[in-house]
Amino acid sequence: MARTTAAQRPNIVFIVADDLGYADLGCYGGRPAAFGAVSPVLDAMAARGIRFTQGYSNSPVCSPTRFALMTGRYQYRLRGAAEEPINSRSRGSATLGLPLEHPSLPSLLRAAGYRTALVGKWHLGYPPHFGPLRSGYDEFFGPMSGGVDYFSHCASSGAHDLWQGDEEVHDTGYLTDLISQRAVDFIERMADKRAGGSAPFLLSLHYTAPHWPWETRDDAALAAEVRDNLFHLHGGNIHTYHRMIHHMDEGIGRVLAALAVRGVLENTLVIFTSDNGGERFSDNWPLVGGKMDLTEGGIRVPWIAQWPAVIAPGCVSAQHCMTMDWTATVLAAAGVSAAADHPLDGVSLMDVLRGAPEFERVLHWRMNHRGQRALRHGRWKYLQVDGHEYLFDIDADERERANHAGRDGERLARMREDWLRWNDSMPPIPADATVSLGYSVKDMPQR
Ligand SMILES: [Ca+2]
């Protein structure tokens, strides 16, 4: 039996993209851009490690998924996660954020001796009541809010929103590149220390890319144009969108190179996923729906990991899993237990990373928005939207067009009961929970 010693514990680089859709990357069937491959670094990472085809986000919208990522638990357990999503109106709130006393991925790892940093987006409540340094990170560089301009680093409220620890920092440049550079800096500092026998590290690398506004590295002039509405409803196209993903991909390439140069690549678990399904320029093929939807396009996202010491190259897994399972996996990889009074809902995928076959994993979701419910159990999915119930055989029809609800009432009733039983085990949706949509059908036609 393998012995886990402090010296063998892996470093963790946990990369989260923002609003990246299921098929936006080449390795998920995405089309090449006009300039060539959109995501050569991530495609190569998938080839060196494992790529999941049935990996889900805990929510089809940003901050709820991030609550689950941080806690390893269904986000519905926390009041702040009922906001779809947390927005600038939450500034000053003492309830709409990740509670300081709640065990988190970084706080549990830090208590076990890890050095911890968040480089990138937080989106889990505003200071003075909340913040990354209060929830287990030693270091933080990035925005606190859900979306900022890539050049002015201002949020939708107009407030400048770029921080170094607790201090506001005015930096110049394209945010994706600034985030990549800070990530490389952290790895270089930590790897040097580790070479001297120091602690392993957790780097949470939460890009804002490829979230709106639709700005590439060459679009600094657009910052003034979108200042009053970061949703950027008059802008963007697939070419800009491809480049935004590509800038992130280049940055991840620099991060992987830094790990290699410093000699720590072999025993570093690098994870890549997205916080929710794709937005308006995203490619979710063959799935339907996107951000805010519990159809597959809103929740099925890229899931890639590499860890040369453990994961064999070229693995593809159809394991059913959701964001909080990554949290459980990272804790298991580090040999760290969850807090007894906050047991995980997430399940470790360590055996899958080592090459074991898929296991049964039942997954639940709910959304205040449009009264959505979903349950994935085996090949079947129960879905409710706007009061309509559907039953899909996802293995046969992942596009969710062939509705079995009218043909298999027994299965529909059983899955509805299962969902209701699970829902009863969670706190109810608070009456004052809010849903925020930046635009509607009057701004752009729906299909
Ligand atoms: Ca998002």
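Read the figures in this text as sums done on the coordinates, not as results from a lab. Bear in mind the structure is a predicted one, so any value in this text is a computation, not a measurement. So basically every Cβ, Gly included, is an ideal-geometry build from the backbone, and we count neighbours across all protein chains shown.
Treat the count of other C-beta atoms within 10 Å as a stand-in for reagent exposure and order Thr434, Thr327, Thr172 from fewest to most.
Working: Thr434 16, Thr327 26, Thr172 8.
The most exposed by this proxy come first: Thr172, Thr434, Thr327.
Take the Cβ-Cβ distance between Asp395 and Ala34 as r, set R0 to 45 Å, and report the resulting FRET efficiency rounded to the nearest 0.05. All intermediate terms of the calculation are to be shown ahead of the outcome.
Working: r = 35 Å, r/R0 = 0.77.
For Asp395 and Ala34, the calculated efficiency is 0.80.
Longest exposed-loop-site-free stretch of the chain, with chymotrypsin sites (Phe, Trp or Tyr not before Pro), DSSP loop and at most 14 other Cβ within 10 Å?
On the way: sites that count: Phe35, Phe359, Tyr439.
Segment 36-358 is the longest.
Starting from 0.36 nm per residue, how many nanometres of slack lie between Arg447 and Ile238 once their C-alpha separation is accounted for? Working shown, then result.
Details: separation 209, 0.36 × 209 = 75.24 nm, distance 1.76 nm.
Gain on extension, Arg447 to Ile238, equals 73.5 nm.
Over what distance in Å are the Cα centres of the stretch 360-424 and the stretch 41-85 separated?
20
When the convex hull of the C-alpha atoms of the chain is computed, what volume per residue in Å³ does it have?
Working: hull volume 63.1 nm³, N = 447.
So the per-residue hull volume is 141 Å³.
Set Lys and Arg Cβ to +1 and Asp and Glu Cβ to -1, take the dipole of the chain about its Cα centre, and tell me which of Asn403, Leu78, Leu108 lies farthest positive.
Farthest towards the positive pole: Leu108.
Would you mind ranking Ser93, Ser59, Ser282 by Cβ crowding within 10 Å, fewest neighbours first?
Numbers: Ser93 16, Ser59 31, Ser282 23.
If I rank by nearby Cβ atoms, fewest first, I get Ser93, Ser282, Ser59.
Calculated from DSSP H runs of 4 or more alone, at -39500 (n - 2.57) each and per residue, what is the 222 nm mean residue ellipticity of the chain, nearest 500?
Details: 10 runs with 111 residues, N = 447.
Estimated from H runs of four or more residues: -7500 deg cm²/dmol.
Do any GluC sites (Glu not before Pro) in the stretch 93-169 lie in a DSSP loop with no more than 15 other beta carbon atoms within 10 Å, and if so, which?
On the way: sites: Glu101, Glu139, Glu167, Glu168; in loops: Glu101.
Listed in order of number, the matching sites are Glu101.
Bin by bin, in steps of 10 Å, what percent of the Cα pairs in the stretch 356-445 do you find, going until the bin that has the longest distance?
14, 41, 29, 14, 1
Give the order of Arg411, Arg421 when sorted by the count of other beta carbons within 10 angstrom, beginning with the fewest. Don't jump to the answer; show the numbers that get you there.
Working: Arg411 16, Arg421 10.
The fewest-first ordering by Cβ neighbours comes to Arg421, Arg411.
Can you give the net charge of the other residues whose Cβ lies under 12 Å from the Cβ of Tyr207, counting K and R as +1 and D and E as -1?
Working: positive: Lys121, Arg182; negative: Asp18, Asp19, Asp177, Asp249, Glu250, Asp275.
Computed value for this residue: -4.
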